[in-house]
1. Of the residues that sit in region A:27-66 and are open to solvent by less than 60 Å² (accessible area, probe 1.4 Å), part of a loop (DSSP other than H, G, I, E, B) and more than 14 Å from chain B (Cβ to nearest Cβ), which one is modelled with the lowest pLDDT?
2. Got a number for residues in region A:100-122 being surrounded by fewer than 18 Cβ atoms within 10 Å (Cβ to Cβ) and touching a Ser or Thr at 6+ places or on another chain (Cβ under 6 Å)?
3. For the subset of region B:166-182 comprising residues that are open to solvent by 20 Å² or more (accessible area, probe 1.4 Å) and within 30 Å of B:Ile133 (Cα to Cα), which member is modelled with the lowest pLDDT?
4. Looking at region A:153-160, can you tell me whether even one residue there is at the interface with chain B (Cβ under 9 Å from one of its Cβ atoms), of a type outside the set (D, E, K, R), more than 30 Å from B:Ile164 (Cα to Cα) and part of a strand (DSSP E or B)?
5. Among what's in region B:123-135 and is in a loop (DSSP other than H, G, I, E, B) and either open to solvent by 30 Å² or more (accessible area, probe 1.4 Å) or facing another protein chain (nearest Cβ under 8 Å) (or both), pick the residue that is farthest from A:Gly131 (Cα to Cα).
6. Taking region A:67-85 as the region of interest, how many residues are in contact with a strand residue (DSSP E or B) (Cβ under 6 Å, 6 or more places away or on another chain), in a loop (DSSP other than H, G, I, E, B) and more than 15 Å from A:Leu170 (Cβ to Cβ)?
7. So in region B:141-152, with the set limited to residues that are outside any strand (DSSP E or B) and touching a His at 6+ places or on another chain (Cβ under 7 Å), which one is least open to solvent (accessible area, probe 1.4 Å)?
8. Of the residues A:Asp163, A:Asp138, which single one is surrounded by fewer than 23 Cβ atoms within 10 Å (Cβ to Cβ), more than 10 Å from chain B (Cβ to nearest Cβ) and farther than 19 Å from A:Glu33 by Cβ?
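The values are calculated or read from the model by the stated rules, or taken from the named source; none is laboratory data. What you see is a predicted model, and the numbers here were worked out from it, not measured in a lab. With ideal geometry, Cβ positions are generated from the backbone for all residues, glycine too; neighbour counts draw on all protein chains shown. Side chains are part of the model used for accessible areas, which takes the heavy atoms of the whole protein and leaves out ligands, DNA and RNA. Shrake-Rupley method; radii C 1.70, N 1.55, O 1.52, S 1.80 Å.
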Protein chains: 2
Amino acid sequence: MGVDRELWLRNKEVMYKRLLNDLHIGYLDEDIEEVLLEIFKRRDSYTVSSCSGRIVMVDCVLPWIRRNSTVVFKKHKPISREEFLDLLSKPILYNLWVVITSPIIHVVTADLKEARRILVIGREAGFKHSGIISIRRDGIILELRSGVGLTQIVKAGSKILVDISNVDELVSMYNNVLTSGKERLEKLKELLRKYSEEEH
Amino acid sequence: MGVDRELWLRNKEVMYKRLLNDLHIGYLDEDIEEVLLEIFKRRDSYTVSSCSGRIVMVDCVLPWIRRNSTVVFKKHKPISREEFLDLLSKPILYNLWVVITSPIIHVVTADLKEARRILVIGREAGFKHSGIISIRRDGIILELRSGVGLTQIVKAGSKILVDISNVDELVSMYNNVLTSGKERLEKLKELLRKYSEEEH
């Protein structure tokens, strides 16, 4: 049940090099890079994968069923009225869904004590749906995730289910949801800095 | 860090009496009662709170901000076309959101080994967003939760954002999402029974 600290540290070093490389080539989303660096600075934590939050449009029956599902739009920044109307006008196979997710960060800690610490900080920053998703020899894996998000059907077959005459309100709300998720990243960064100063 | 087994067992007994009482007065949602009983049957697990999945309509700015938020409709069964149209026609203060959540179960285990076991079973049943949310002296607390759900804005102020002429497609999709969540409860019950037989 215990974590193999040597193995954990080797993996942290590999992931740190990868992070620096991603930063260097500009692959990393700027909204999230500072948070990831704060987590790496902690002696007993590192991150493996993350998403800074995004707007996705999917042609599918139901968005959690991967089979026959096609992503027709994906953006980590606000969507424009034109982009949305354009996508809405194109033919689809099943249903068209707008799915907005808030930031998700996977953290690997070297022990349970640190895992609990990260959980508490995460929850304080508004990542209320966070939890330990796996306990393994190479580390304790946590998922930081908030309840901020939207999953909305906008078209069924050829029938548009939203009222086009009020498209401005709709698009503005989509962008509002995206921003609202990203604000929690900022809060998480601040809290990580605050607690890191207190711990040292 | 260790769980106090005596304390844990006393709490399990209290929660078991409460469950039997809820069953007796018919307070418990029938969709979920068999799953809860299967979890209680396990030596090292019990449940504290649960929801079998529901459709809620909320008058609020954003559904994850509780302040100034009013639940105007709540039902654990499918919504009818008439119920939906009636709610859509009534005046609101902010925005009207339809929020459909899939089943959520909180499990308390006596040790980490059992927590990992429940996580694996939960994930196999489709509760993909499950995790350990707290490690305490009175037990390890897990949340079983799936990604199935919908969060949709249908009205902003007095402007209706959905196309009323296609209301049947919309309501049918809402009920589809609700049912799709509840199916995972059935799957969870089957898996708990299967693994319980294998373990004994």
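1. Top of the filtered list is A:Asp29.
2. Of the residues in region A:100-122, the ones surrounded by fewer than 18 Cβ atoms within 10 Å (Cβ to Cβ) are A:106, A:111, A:113, A:117, A:120.
Now narrow it down to the ones that are touching a Ser or Thr at 6+ places or on another chain (Cβ under 6 Å): A:106.
Final tally of qualifying residues: 1.
3. In this case the residue turns out to be B:Lys182.
4. no
5. First pass over region B:123-135, keeping only residues in a loop (DSSP other than H, G, I, E, B): B:125-130.
Now drop any that are not either open to solvent by 30 Å² or more (accessible area, probe 1.4 Å) or facing another protein chain (nearest Cβ under 8 Å) (or both), which leaves B:128-130.
Details: B:Lys128: 12, B:His129: 9, B:Ser130: 7 Å.
The extreme case among them is B:Lys128.
6. Within region A:67-85, the first condition is being in contact with a strand residue (DSSP E or B) (Cβ under 6 Å, 6 or more places away or on another chain), and the residues that meet it are A:69-76, A:79.
Still in the list and also in a loop (DSSP other than H, G, I, E, B): A:69, A:76, A:79.
Narrowing the set further to residues that are more than 15 Å from A:Leu170 (Cβ to Cβ) leaves A:69, A:76.
Residues in region A:67-85 being in contact with a strand residue (DSSP E or B) (Cβ under 6 Å, 6 or more places away or on another chain), in a loop (DSSP other than H, G, I, E, B) and more than 15 Å from A:Leu170 (Cβ to Cβ): 2 in total.
7. Among them, the one singled out is B:Ser146.
8. Numbers: A:Asp163 fails: more than 10 Å from chain B (Cβ to nearest Cβ).
A:Asp138 is the lone residue from the list that is surrounded by fewer than 23 Cβ atoms within 10 Å (Cβ to Cβ), more than 10 Å from chain B (Cβ to nearest Cβ) and farther than 19 Å from A:Glu33 by Cβ.
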